Amino acid sequence: MVIAEEVAFDPEEVLGLYRSVEWEGYTGDVDRLCRGLVNSHLVITARDASGALRGLARTISDDEHICYVQDVVVDPAHHRQGIGRALVEHLVRRYSHCRFFLLSTDHESSPEGERDHAFYRSLDFLSYEEKEMAGFGLPRNGARCQGVVRPG
């Protein structure tokens, strides 16, 4: 497996990878997906000996204080082969100088959540709560905050 930085992306190739993990939020508009990759701070890929794309990870960062891992995507046909680990470890080394190295993933109760949490814990990641931090997000797609008390 070859891990390398990439700056140009074949739309059909990346679309196939994101479709393999059923990330519909990305697959509805391949041009938008590719623009997101191009506008990322860093995109690294994992390719097999034939050059086939097997995984991808990308970051959003100021390259000084914070690195946010936006995506870690590995074709499910190639799970449990160390590809995700190699991608994340590459990013951890690359951004070791940053104060914060963060990512978000599905809740542990979701279909993928239990597996994802186990994976990141195996790489010594802690939950935000364990790091005495909190994460917040705005609701999207017409969702509304109900019962949320806002500081006054």
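Out of Val14, Val43, Val88, Val69, I need the residue that is over 21 Å from Phe119 (Cβ atoms) and either of a type in the set (Val, Ile, Thr) or modelled with pLDDT under 95 (or both). Which one?
When all the criteria are applied, what remains is Val14.
Which of the residues that make up the range 80-114 are in contact with a helix residue (DSSP H, G or I) (Cβ under 9 Å, 6 or more places away or on another chain) and free of Cβ contacts under 8 Å to residues at least 24 places away in the same chain? Outline the logic, then answer.
Taking the range 80-114 and keeping what is in contact with a helix residue (DSSP H, G or I) (Cβ under 9 Å, 6 or more places away or on another chain), we get 84-85, 88, 101, 103, 105-108, 110.
Answer for the range 80-114, where residues must be in contact with a helix residue (DSSP H, G or I) (Cβ under 9 Å, 6 or more places away or on another chain) and free of Cβ contacts under 8 Å to residues at least 24 places away in the same chain: Thr105, Asp106, His107, Glu108, Ser110.
Could you say whether any residue in the range 9-20 is surrounded by 17 or more Cβ atoms within 10 Å (Cβ to Cβ), touching a residue at least 24 places away in the same chain (Cβ under 8 Å), touching a Phe, Trp or Tyr at 6+ places or on another chain (Cβ under 6 Å) and within 15 Å of Pro76 (Cα to Cα)?
Yes, the conditions are met somewhere in the range 9-20.
Checking Leu37 against (1) open to solvent by less than 70 Å² (accessible area, probe 1.4 Å); (2) of a type outside the set (Gly, Ala, Ser); (3) modelled with pLDDT of 95 or more; (4) not in a helix (DSSP H, G or I): exactly one of these is not met. Which one?
The one condition Leu37 does not meet is (4).
Where residues in the range 84-117 are under 12 Å from the mean Cα position of the chain (by Cα) and small (Gly, Ala, Ser), which of them is farthest from Ala57 (Cα to Cα)?
My answer is Ser104.
Please specify each residue of the range 113-133 satisfying the condition of being closer than 20 Å to Ala86 by Cβ and not hydrophobic (A, V, I, L, M, F, W, C).
Matches in the range 113-133: Arg115, Asp116, His117, Tyr120, Arg121, Ser122, Asp124.
Which of the residues spanning the range 46-89 are hydroxyl-bearing (Ser, Thr, Tyr) and assigned to a strand (DSSP E or B)?
Thr59, Ser61, Tyr68, listed by residue number.
The values are calculated or read from the model by the stated rules, or taken from the named source; none is laboratory data. The structure presented is a predicted model; accordingly, all values stated were derived computationally and were not measured. In this analysis, Cβ positions are derived from the backbone assuming ideal geometry, glycine residues included, and neighbour counts consider all displayed protein chains. For accessibility, only protein heavy atoms count, side chains too; no ligands or nucleic acids. Shrake-Rupley method; radii C 1.70, N 1.55, O 1.52, S 1.80 Å.
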